[in-house]
Every structure is written in C-alpha cells, then in structure tokens.
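The values are calculated or read from the model by the stated rules, or taken from the named source; none is laboratory data. All values reported here derive from a predicted model rather than from experimental measurement. Cβ placement follows ideal geometry from the backbone for every residue including glycine, while neighbour counts extend to all protein chains displayed. Only protein heavy atoms, including side chains, enter the accessible area calculation; ligands, DNA and RNA are left aside. Shrake-Rupley method; radii C 1.70, N 1.55, O 1.52, S 1.80 Å.
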Amino acid sequence: AVGLSDASPDEGVVEDLPLIDEKAVEQLTEGLISHYLPDLQRSKLALQELTQNQVVLLETLEQEISKFKECNSILDINVLFSEAKHYHNKLVNIRNEMMMLHEKTSKLKVSNYFS
C-alpha cells in the first residue's frame, strides 16, 4: 500500500496548470504598463526636478559657506592689524625709553669725567 507520504508534492502540479495564452499575457502586460507608466513618468520628472533643485541649493550653500569663511578671515586680519599696532606702539615706547636712558648715561659719563 502506498501511503500519503510517498506521493511527490509536485505530483499533478504541471497537469493542473491551465494552458497560458501568450496573447492574453501580452495584453495584460500592456494594460498594466499603460496603467502605471504615466504615474511613473510623472514621478521620474518630479524626482529629476527635485534633484536639480537640490544641486542648486547645494551650490548656493557652498557659496554662502565661502562668504562666511571670508568674513572670518577678514575678522582674523583685523585682529592681527590691531595686535600689530599695539606691539608697534610698545616698540616705539621702548625705543624712546632707550634713547632717554642713553642721554642720561651720556650726561652721567660727562659729569663723571669732569668731576
């Protein structure tokens, strides 16, 4: 006796499939495509437009970032100029002090020479 477990699971499947009408499949495919294609094409155009807008936005952002970098470098230059002015004033004061000390030492030498 042949049990249920002895039967192949695929047995009879091929015979159970109805004959496929190629023309019907082609017509169904064309119908499916004609139904969804316009929406897909509109979506494609919308995505292309979105991508172009993103490119423009990225370029604009890069320009703005470069402007900010330029502003920061200008601020840095201004700080450097103010520091340079400060140190220049210090040097002028040191020079004046050295000239005054030189005069005093010269006078002391002369007064010590004559005393």
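Structure values in brief
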| item | result |
| --- | --- |
| Positions within the range 23-52 being open to solvent by less than 90 Å² (accessible area, probe 1.4 Å) and of a type outside the set (A, V, I, L, M, F, W, C), in sequence order | T29, G31, S34, P38, D39, S43, Q48, T51 |
| Condition broken by S8, with the remaining ones in (1) surrounded by 10 or more Cβ atoms within 10 Å (Cβ to Cβ); (2) modelled with pLDDT under 90; (3) among the small types (G, A, S) satisfied | (1) |
